[in-house]
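None of the figures in this text is laboratory data; all of them are computed from the coordinates on show. Everything numeric here is computed off the predicted structure, so don't read it as measured data. Cβ sites come from the backbone with ideal geometry, for glycine too, and all protein chains shown count toward neighbours.
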Amino acid sequence: MSERTNVPPMHADPAASMAQLRATAQAAMQAGQWPAAQTALAALAPLAPRDVPIRLQLAEVILRQGRMRAASAPLLEAVEVAPNDAPLLAELAWRLVAQGEVIGARACLAHLARAPAPPAEVLAEQANLRWLLGEIPTARALMDRAVALGIDDGRGHYLDAMLHQFVGQLAGAETALLTCLHRWPGHGDAAVILANLRRQTPQAHHLALFRAALERLPSPPASRPDALARAKFESAIFKTLDDCGQHEQAWAALERSNALMHQLAPYDAAAEQALVDALLAEADRLAARPDAAPVPVDGPVPIFIVGMPRSGSTLLDHMLSAHSQVVSAGELADFPRQFHWMADVAPGGASALREAVAAAGQMDFAALGARYLAQTQWRAHGRRFYVDKLPANLRMVPFIRRALPHAPILHLRREPMDVCYSNLKAMFGTASPYCYEQQALAHYCRQQARLASRWQARGSMLEVPYADLVSAPAATLRRVLEHCGLAFEEACLHPERNPAAVATPSSAQVREPIHGRALGQWRRYATRLEPLRRALEGDGIDPD
């Protein structure tokens, strides 16, 4: 049966017309008839100019049809008429962030901040949104107020712990995580963070707590959430045993964790390779086109750090943001979101990104750069530069070069076995399927190497070897700062003194003086990692 996209006849009574349109829209959404739902909601919106839920629904049905750009309009209209309704404002802010409309989301948060006496749950929601936008100190202050008012749920305690960790308050983080695990013993995320908060020792660890929680979970798992929780507790057990030198038991825990995660989030090698092929082909087409005349740019300049996850990007970011003219903006998803917005393709994994890449030939890159800057320059807080350190922006390098030719791009390169092992032992949830199986890791590493090699050959970015960064930091930093147009400052060599918040899994490690302890760490499991080594060599990569 074909979808109906016509608007039903209107009643003379406006209220009856609105009720009919609502019913039509609801029925169409329940049936998954998105064009019909859009038609009804678009007709309804002018009749209810201050109705925010209608505009949220309209944006949703447009996105369901894969169109990102048109979905922004009803959300931005909703900002102008947003009521004093905290849950509605929070939902609108979340939607705006996902659309790349960060300025609109900040307007919602400013509205929320004017509430005279918000309850604990509203303060916690604001803290969560501020964290999402990278405003960690503001989020920490909001969470302090929420805790003082008695926030009492697992999500709130976990957020409290993360924010303590991000600002370097590790004792507060440990207290909040232990509270979370004692009250909600199946909270696997809390276990992962607790294990990674510091180096565990035979005298001070939480192994008994993790094992007791694991025993309470069904085995085999009865549901997807149970499987995910088991994988996270096994990951925490691996980290604890590994720190304590019990490597055989540690590896067994890691294998159990990764087997569960690989089942929950299998890696699609064909999709990843097709995406990289598309990126390389489009980059070749762009390279054949003459560069547009550079557009003068006012205001702060972004510095992009790209590369494989776990390649040392957080360390470089924390070193750079110790400079008097640089601030860290954290891992921003803004450039990929603006790229999708310009292509008018809703984000949705590798296939959606391939579709967006296919539209790049007709893209106005000056407009792309302008949108990115408009949504991000506020993050510089008066400094000349701000660091955008999303590793996955390695995919975006040729488009960043076109959109923001004045922006430095730094590529962190870490030895393949080191970086692959570091990914293999990390717990990234279901967002990173490549990192839970050795053959998948080798394949993903090869695809990233293909991109890096091409961009490097074209002079699109400065390569920064991780080994140089930790073994010869002064010389390496001088080269990086010179590339960015910055004078050398001694403070950059002491990231442990940098008080800036760090919202990544490496936040605890970068608060130490620069060290090379992670170099060659994979060798303690060399026999177990032989399949990875062979797979890398088979892909033409020198593992060392």
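Numbers at a glance
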read-out: Length-normalised contact order of the chain in % [C-alpha pairs under 8 Å, at least 6 apart]; value: 14 percent
read-out: Approximate spin-label separation Ala113-Ala350, in nm, with each point projected 7 Å along Cα-to-Cβ; value: 4.2 nm
read-out: Relative contact order of the stretch 478-544, defined on C-alpha pairs under 8 angstrom at six or more residues apart (%); value: 19 percent
read-out: Using θ = phi - 60° and Karplus 6.51 cos²θ - 1.76 cosθ + 1.60, couplings along the stretch 315-321 (whole Hz; Gly, Pro as x); value: 4, 4, 4, 5, 5, 5, 6
read-out: Integer Hz, Karplus 6.51/-1.76/1.60 couplings in order for the stretch 194-209, x for Gly and Pro; value: 4, 5, 8, 5, 7, 6, 7, 10, x, 8, 9, 7, 10, 4, 4, 4
read-out: Gain on full stretching of the segment that runs from Arg69 to Asp85 - 0.36 nm per residue minus C-alpha separation; value: 3.1 nm
read-out: Centre separation in Å (Cα based) which lies between the stretch 278-323 and the stretch 72-147; value: 29 Å
read-out: Amide H contacts of Arg413 (H built 1.01 Å from N, under 5 Å, at least 5 apart or other chain); value: Val464, Tyr466
read-out: Amide hydrogen neighbours beyond the local backbone of Ile303, cut-off 5 Å, H modeled; value: Tyr386, Val387, Asp388
read-out: In Hz, Karplus ³J(HN,Hα) per residue of the stretch 462-467 (6.51, -1.76, 1.60; θ = phi - 60°; x = Gly, Pro); value: 8, 7, 10, x, 4, 4
read-out: Euclidean distance of C-alpha centroids, the stretch 26-52 and the stretch 331-402, integer Å; value: 30 Å
